């Protein structure tokens with residue numbers, strides 16, 4: 001007769017099984033669509049590794065686009081200013097228009113939480129033009145920001161390349177919009 005593992009012997013849905021599973025299988029990602037409708041849990045954090053963070057908004061279109069000429073430089077500035085204020089190192093940053101990619105490393109959990117809270121709030125206020133005591137505009141961000149722990153080495157370099165590819169995608173989108181407005185930007189092949 002096969003011996004049963006401890007985790008298998010515990011009742012499904014019990015607190016003991018949940019706690020044991022959390023210790024045996026540490027969570028690497030948090031937030032985003034996968035966390036909608038689930039109970040709150042702590043964002044995974046380690047001061048030794050970096051994190052890939054994504055902030056997404058369906059409302060970021062037209063004048064509210066994160067890549068709009070009025071918003072782009074402000075958002076880039078905020079990412080780095082708040083990073084220095086909260087002791088967060090930004091390795092790579094990409095503004096794609098409707099979402100942001102960040103590859104960051106924080107010294108402690110509180111600094112990272114403060115950075116994400118302030119950055120997301122200030123970007124939403126800057127883009128939407130929201131003010132106190134004026135008509136409410138609703139939620140700007142779709143869900144909690146998604147984050148994932150990224151190990152050093154090959155995984156770090158793959159995420160760094162992925163964020164860089166998103167930067168290039170944003171530049172390509174801007175160029176296409178410019179060409180649509182002014183087709184004379186494309187040189188003649190003759």
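If you wrap the range 43-183 in the convex hull of its Cα atoms and look at it from every side, the mean projected area works out to 9.2 nm².
Would you list 167, 16 from fewest to most Cβ contacts within 10 Å?
16, 167
Sequence-distant contacts, meaning Cα pairs under 8 Å at least 6 residues apart, place the relative contact order of the range 43-183 at 36 percent. As a rough footprinting exposure proxy, the listed residues 46, 147 were ranked by other beta carbons within 10 Å of their own, and the order from fewest upward is 46, 147. Here the gap between residue 48 and residue 68, fully extended at 0.36 nm per residue and compared with their Cα-Cα distance, gives a gain of 3.7 nm. Compared with the alpha-carbon gap, the fully stretched path from residue 85 to residue 164 is longer by 26.0 nm at 0.36 nm per residue.
Counted residue by residue at 0.36 nm each, then reduced by the alpha carbon distance between them, the extension gain from residue 173 to residue 12 reaches 53.1 nm. Among 154, 70, a tally of other beta-carbon atoms within 10 Å of each Cβ gives an order, fewest to most, of 154, 70. In this label model, residue 76 and residue 58 are separated by 3.0 nm, measuring between points 7 Å along each Cα→Cβ vector.
Read-outs: derived from the displayed coordinates by stated rules, not from any lab. Just so it is clear, the structure is predicted and the values come from calculations on it, not from any experiment. Note that each Cβ is placed from the backbone with ideal geometry, even for glycine, and that neighbours are counted across all protein chains shown.
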